[in-house]
Each structure stands twice: as structure tokens, then as C-alpha cells.
1. Taking region 134-207 on its own, what percent of its Cα-Cα pair distances exceed 22 Å?
2. Just to be sure I understand: with springs between alpha-carbon atoms less than 10 Å apart, which residue in 188, 99, 141 has the highest mean-square fluctuation in the Gaussian network model of the chain?
3. I want the local charge near residue 57. Using Cβ-Cβ distances under 9 Å, sum +1 for each Lys or Arg and -1 for each Asp or Glu among the other residues.
4. Return the distance in nm (one decimal) between the two label points of a simple spin-label model at residue 85 and residue 102, each offset 7 Å from Cα along Cα→Cβ.
5. When the helices in the chain are scored as -39500 (n - 2.57) per DSSP H run of 4 or longer and the sum is shared across all residues, what 222 nm value do you end up with, to the nearest 500 deg cm²/dmol?
6. How many angstrom separate the Cα center of region 166-197 from the Cα center of region 9-43?
7. Which GluC sites (Glu not before Pro) in region 1-90 pass both tests, a DSSP loop state and at most 13 other beta-carbon atoms within 10 Å?
8. Which of 162, 217, 152 sits closest to the plus end of the dipole of region 130-225, meaning its Cα is farthest towards the positive end, when Lys and Arg get +1 and Asp and Glu get -1 on the C-beta?
Amino acid sequence: MNTDRILVVDDEAALRRATRTTLSALGFVVSDTDCGETALELLRTERFDLILLDINMPGVNGIETCRAIRARSEVSILMLTVRGRAEDKIQALDAGADGYVTKPFDVNELVARIRATLRRAPGAALRSEVICLDDIEIDFGKRHVKSGGEITRLTPKELDLLHYLVSHPNTALAHDKILQAVWGPDYGNEVEYLRVFVNQLRKKLEPVPSRPRYVITEPWIGYRFCMPQP
């Protein structure tokens, strides 16, 4: 029996009802609320495996709510964004969401994205190893990067992406191969996911993010993690 718990956060009552009915019929345990403030309160007292979070809500909007959730939790987050607004999608990923689904969405697409995200939810097995790059230390077990004595935490998807890149050092990895390995087999064309997350990784990892030393762009192909020779 499916025991995954999902919280739907959207100010459209009809969408919440339809989503709750569909997901409940598939065996998910579903709660819902119409605002970010209540979502944050629920997270203090209840456990959820995934949050569906609308980007455009009155009061505390979806981006602010996502940042607040990510500051305290590694729960999976899928944002509901507006079709055709590329800036919404970039903001959602930049705020710490694992991915997004655009409105109006096909219910089968939504369910596929939910299942793919849950399969790669925080807590998936990662090697508890420490990688040292000059004066930078990547601790996968503690989920952070340490540079100059300063510790910077990684979001779940940043950690997954970095782990995959590090596991294939000095190898040009295609966009679709990275997406399918980190996000799931239903992905492959969402190159904007990689642009945003690689940019975030460079800010946390690279001494000079604008001149990356480790996470290198392979033009028209994908990315390569440059592992210094011992």
C-alpha cells in the first residue's frame, strides 16, 4: 500500500479538490491548503514526502514559501508554474524546488513527475564520502561544501547532481543522460533544469563561479566534472 504523503498548496479550490481526488485514488495520502503560511505551519507538525506548491498565491507566494521550506527541510518540492513564463520556472528551481509542472497540466504528466520525484527523494543512498578539491571539501554524508572554513549546505537536487557528476569524473556527460540519471527516465529535454542547478553549484563550489574550474560546460553536449589528478 502506498503511504507517501503529499501536501497540495494552491489557492484554487477546484484544482486542490481535483488533485486530491486523483492522487487519493492512486493510494497517496493527501492533504491540502490554500496558502503558504498554513503550509509552513503544517510542516512543523506533520511529515510529508512531497509538496505540490503553486507559484502564484496571495500573501506569501510560492517562491517565498519554497525558500522557507528549503531552509528547514529536504522534502521533495514540485512547483506548479504558469505555461510560457520561463522566468517562473527559473525562479522555482533557484528557490530550491526539485522540479516543476506547468499549468494547465495533464494529470498523467503530473502523476509521472510525482512518482519520478519520489523515487529520487531525499534520503536516497549516497556514498558517505568526502572529496577534497584543493582547499574545497565536499562531504556527501553531511550534505555540504566546505571552503575556507565556511560551510554551505546543498539542496537535495544540488547534492544528487553533484554526486552524479563526481561519480563520472573527467567525462563529458550529455544533458539527457544527466537529467535521466538525476531526475528520472521521464526527463531528457529540460536543459533549463541543468542550467539553473549548475549555476547554483558553481556559486557554492567554485572559487570564481564565472570562471569554473570543476563543473565545466561541454558546448552542445552537457557538462563535465574536472577532477584534479592526485
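Read-outs: derived from the displayed coordinates by stated rules, not from any lab. Remember, predicted model here, so these are calculated numbers, not experimental data. Because the Cβ atoms are built from the backbone with ideal geometry, glycine has one as well, and the counts that use them run over all protein chains shown.
1. Values: 582 of 2701 pairs.
Counting every Cα pair in region 134-207, those more than 22 Å apart make up 22 percent.
2. 141
3. Neighbour charge sum, excluding residue 57 itself: -4.
4. Distance between the two pseudo-spin positions: 1.3 nm.
5. Details: 8 runs with 91 residues, N = 230.
It lands at -12000 deg cm²/dmol.
6. 30
7. Those that pass, being in a loop and sparsely packed, are 46.
8. 152
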